[in-house]
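The values are calculated or read from the model by the stated rules, or taken from the named source; none is laboratory data. Bear in mind that the values here come from a model prediction, so they are computed numbers and not experimental data. As a convention, Cβ positions derive from the backbone with ideal geometry for all residues, glycine included, and neighbour counts pool all protein chains shown. Just the protein is used for accessible areas: all its heavy atoms, side chains included, with ligands, DNA and RNA removed. Shrake-Rupley method; radii C 1.70, N 1.55, O 1.52, S 1.80 Å.
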Amino acid sequence: MPFRRTGRAAVTGVTAAAVLAGLSLTGGADAVADAAGGLVRVDQVGYADGAAKEAFLLAGSPVSGARWRLVDGRGRAVAAGRTATSLGRWNAAYPAVYPIDFSRVRTPGGYRLVVDGAAASPLVTIGPSAAVFARPAADATRFFQAQRDGADPVPGQLGRGPAHLNDAKAAVYDPPAYTDPDGDTVEAAPGKAGGTVDVSGGWFDAGDYLKFTETTSYAVAALQIAALRTGAGPASALGAEAQHGLEWLDRMWDGTTRTLYIQVGLGSGTEDGSVVGDHDVWRLPEKDDTDRAHPFLRNRPVFRAAAPGSRISPNQAGRLAADFALAAQRYAATGRAADRARAQGYLATAAQIYGLADTGPGQLVTTVPYGYYPETSWQDDLAFGGAELALAA
């Protein structure tokens, strides 16, 4: 395995955020075979009553007009139809995927989707957004609270305390050289690029204490979408957690010098142990600020995407623009004059970042090293940022 991080969930926090945003389409353990030897996939989180409602038939072989029915708790069909054109293959086992749309059903309740020759799907919930997404949103909010870094932790079940207060004056470093282009062991300590920056707060990444704009930008977007869908205001637990992540992203972006910082902390050290990184020591995060034996744990480096004033990798630019545009929407929705002014500021930040997107990139900028979270697509990120900017405006 090239990285000591390998084997963990790719983006633990983001996975939780995707659940709370209601973005997971799955059949679960009781997904069932249809007449063509396939699976019925539904969103087990549920569907908002006024939103689009789509399921998928993953067929083991092409079918012609398979009949489907959405039945309520009494077994009555409330919607029915036949599958139309396949969207294409899922994989070798399921060469045809058929969408099933029941968006016209708006009555709250529990339903099952039945396809001819197959047992029913898992239970499907339809209801108001606040009801459908409230429980997963609350669960994921508690997860993010447990990952908080900085001066204002939520103690919770882990009894967390303040950590990495030294991040408030973190020195900026150049990326290190690695012994293997596919690994994260460094040849030597990274060198200072000059200057310090306040990068305190934010959330730990999946299983360690590093902090990345790459993953946080996903999580902040999902938290804010969940807040908008459930009607959770800025003062709610969900709104406050979204704000905690957003404020860290705001610190990672310097609008005056047009500098994007992308990472706090050094992943791994040298092979001989002369340089120690985050992955090399098992410890509590609260201990790092006073760790005199390991300078890169006590005073963690911050890495930037590029030199000040450079254009921004479009994957990061798109998601960050979406984050600040979503914040503008959240605060504008309160109707308070002070919040409206705040919303205008967030909208301006979103527009500034979006306008600096580099639409002719080479390798996208993600993390240090790049292989922690590699990305190869960016048009979707810019589309996301553009859509949220338009909604905010």
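What value in Å³ per residue do you get for the convex hull of the alpha-carbon atoms in region 154-239?
Normalising the Cα hull of region 154-239 by residue number yields 148 Å³.
The orientation-averaged shadow of the Cα convex hull for region 109-217, equal to a quarter of the hull surface, comes to 12.6 nm².
Expressed as a fraction of 2.2 N^0.38 Å, the value expected for a compact globular protein of N residues, the C-alpha radius of gyration of region 257-354 is 1.50. Projecting the Cα atoms of 210, 257, 232 onto the charge dipole of region 179-261, computed from C-beta unit charges around the Cα centre, puts 232 farthest toward the positive end. Using a probe radius of 1.4 angstrom, the carbon and sulfur fraction of the accessible surface of region 46-160 is 53%. Computed on the chain, with alpha-carbon pairs under 8 angstrom and 6+ residues apart, the relative contact order is 14 percent.
For the chain, the calculated P(r) over all alpha carbon pairs, in 20 Å bins from 0 to the bin holding the longest distance, is 25, 51, 23, 1 percent.
Taking the accessible area of region 279-320, probe 1.4 Å, and keeping the other protein chains in place, the carbon and sulfur fraction comes to 56%.
For the chain, the membrane-span-like helix rule (DSSP H, alpha carbon extent of at least 18 Å along the helix axis, mean Kyte-Doolittle at least -1.0) picks out 129-146, 213-230, 237-252, 314-332, 337-355, 379-392; this says nothing about an actual membrane. A 1.4 Å probe run over region 72-206, with the rest of the protein chains in place, finds 50 Å² accessible per residue. Taking the square roots of 5 times each eigenvalue of the Cα gyration tensor of region 225-298, largest first, gives ellipsoid semi-axes of 34, 17, 11 Å.
For the chain, compute the number of Lys pairs whose alpha carbons are separated by less than 19 Å, excluding pairs fewer than 8 positions apart on the same chain. Walk me through the intermediate numbers first.
Numbers: 169/192; 169/211; 169/287; 192/211; 211/287.
Final tally of qualifying lysine pairs is 5.
Counting only Cβ charges, +1 for Lys and Arg and -1 for Asp and Glu, the dipole size of region 136-189 around its Cα centre is about 500 debye. The helix-based estimate of mean residue ellipticity at 222 nm for the chain, built from -39,500 (n - 2.57) per DSSP H run of four or more residues and divided by its residue count, is -9500 deg cm²/dmol to the nearest 500.
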